[in-house]
Amino acid sequence: MRRIAVSVLALSIGVLSPIEPGPGIGEEAMAAVAGSAAPVFELVTFAGEAYNNASLKGQPVLLVFWAPWCKVCQRELPLMGEFYRHDKPEPLRVISVGFADTRTNFEAFVKARSHDFVFPTAYDEDRWVAQAFKINATPTYVLVDARGQIVLVHRGGGLLQNRQFREFLSTLKG
């Protein structure tokens, strides 16, 4: 009951935008779990770059799951662009993963805000990657370390102020 109340509160203040889970996804499987291995995934960016577990092996990666209609995403993505340009430690890869809308809407959104999308951006056709990571809200950030282990799952805004995220970044800077 408390979990439902917290979710309702988060939605009412605009922290999260819920995504309807697909068939066969129960509530207990609704979030990637920190400490577990990242699921197998493959993404192709709008620029044609392919990323998957093998190509990212040995590199920490931040996957940013978002949708164009998400108001929190609209506020957070420019902040991620600034982070990418000015504060991101060199080994960290940032990949934007659009899902839960049409490819046309994503391409139009990214094109209209090209100054914010300075990081690779992919469209998750049929939500395969989002489902593999059990993403059920936008934005959701999944931080994976160089060993392929999920370090942090952060739902909603404010990732850049998240203490655990900042600590992880400090380990990358030496």
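Within region 32-86, take every residue that is over 18 Å from Thr140 (Cβ atoms) and β-branched (Val, Ile, Thr) and give me the one that is surrounded by the fewest Cβ atoms within 10 Å (Cβ to Cβ).
Ranking the candidates gives Val40 first.
Filter region 119-172 for residues that are under 16 Å from Asn53 (Cα atoms), within 11 Å of the chain's Cα centre (by Cα) and in a helix (DSSP H, G or I) and give the result.
Val129, Ala130
Conditions tested, residue by residue: (1) assigned to a loop (DSSP other than H, G, I, E, B); (2) at pLDDT 95 or above; (3) closer than 25 Å to Asp145 by Cβ; (4) not hydrophobic (A, V, I, L, M, F, W, C).
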site: Ser7; (1), (2), (3), (4): no, no, no, yes
site: Pro21; (1), (2), (3), (4): yes, no, no, yes
site: Gly35; (1), (2), (3), (4): yes, no, yes, yes
site: Ser55; (1), (2), (3), (4): yes, no, yes, yes
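Please specify each residue of region 87-110 satisfying the condition of being part of a helix (DSSP H, G or I) and either farther than 19 Å from Val142 by Cβ or touching a helix residue (DSSP H, G or I) at 6+ places or on another chain (Cβ under 6 Å) (or both). Write out each step before concluding.
Our first condition is that a residue be part of a helix (DSSP H, G or I); within region 87-110, this holds for 103-110.
Selection gives Arg103, Thr104, Asn105, Glu107, Ala108, Phe109, Val110.
Restricting the search to region 138-154, which residues are surrounded by fewer than 22 Cβ atoms within 10 Å (Cβ to Cβ), closer than 19 Å to Met80 by Cα and in contact (Cβ under 8 Å) with a residue 60 or more places away in the chain?
Taking region 138-154 as the starting set, the residues that turn out to be surrounded by fewer than 22 Cβ atoms within 10 Å (Cβ to Cβ) are 145-154.
From the residues that got through so far, the ones that are closer than 19 Å to Met80 by Cα too are 145, 151-154.
Matches in region 138-154: Asp145, Val151, Leu152, Val153.
Any residue at all in region 109-117 that's under 28 Å from Thr171 (Cα atoms), of a type in the set (D, E, K, R), surrounded by 14 or more Cβ atoms within 10 Å (Cβ to Cβ) and touching a Leu at 6+ places or on another chain (Cβ under 7 Å)? Even if it seems obvious, please write down each step before you answer.
Within region 109-117, the first condition is being under 28 Å from Thr171 (Cα atoms), and the residues that meet it are 116-117.
Still in the running and of a type in the set (D, E, K, R): 116.
Okay, now just the ones that are also surrounded by 14 or more Cβ atoms within 10 Å (Cβ to Cβ), so 116.
Narrowing further to those that are touching a Leu at 6+ places or on another chain (Cβ under 7 Å): 116.
Yes, some residue in region 109-117 is under 28 Å from Thr171 (Cα atoms), of a type in the set (D, E, K, R), surrounded by 14 or more Cβ atoms within 10 Å (Cβ to Cβ) and touching a Leu at 6+ places or on another chain (Cβ under 7 Å).
The values are calculated or read from the model by the stated rules, or taken from the named source; none is laboratory data. Source: prediction; values computed, not measured. FYI the Cβ positions are ideal-geometry reconstructions off the backbone, even for glycines, and counts take in every protein chain you see.
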